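Notes follow once the structure below has been shown.
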Amino acid sequence: MTIASQYAKALYELVGKNDKEGKTYLKNLRQTLERRGHVKLLPQIFSEFKKLALANERAELHKKITPEGERTRTLLGLYKRLVADSK
């Protein structure tokens, strides 16, 4: 895990806990990066942050139970039972 991805993960977790303080977190992150000499990492941190947000969004999308998915799950269960009974 790179330094940029560690910063992004920490920022993502903080923002996830408290959306309203996002500006404060960014300001504090910038100050910390300047103090440590890591300001050049900001574009990489932003990129990693977007990846984390996209991954979370996709995970939430796949967790949703849709009528088509439920129908498919039911049909697969019936098919497995039918195949198991025929042996």
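None of the figures in this text is laboratory data; all of them are computed from the coordinates on show. Not measured: the values here are computed from a predicted model. As a convention, Cβ positions derive from the backbone with ideal geometry for all residues, glycine included, and neighbour counts pool all protein chains shown.
Quick notes on this structure:
- Taking only the alpha carbons of the chain, we obtain Rg and Dmax values of 21.7, 70 Å in that order.
- Estimated dipole of the chain in Debye, rounded to 20 [Cβ of Lys and Arg +1, of Asp and Glu -1, Cα centre]: 120 debye
- Dipole axis of the chain (+1 Lys, Arg; -1 Asp, Glu on Cβ), positive-most option in Leu11, Leu33, Val83: Leu33
- Loop-located trypsin sites (Lys or Arg not before Pro) across the range 45-81 with a Cβ neighbour count of 12 or fewer within 10 Å are Lys64, with loop assigned by DSSP.
- Taking every C-alpha pair closer than 8 Å and separated by at least 6 residues, the mean separation divided by the residue count of the chain gives a relative contact order of 36 percent.
- Of the cross-linked pairs Lys17/Lys51; Lys17/Lys40; Lys17/Lys50; Lys23/Lys63; Lys23/Lys64, those separated by over 21 Å at the C-alpha level are Lys17/Lys40; Lys23/Lys63; Lys23/Lys64.
- Rounded Å value of the spacing that divides the Cα centres of the range 6-57 and the range 65-83: 42 Å
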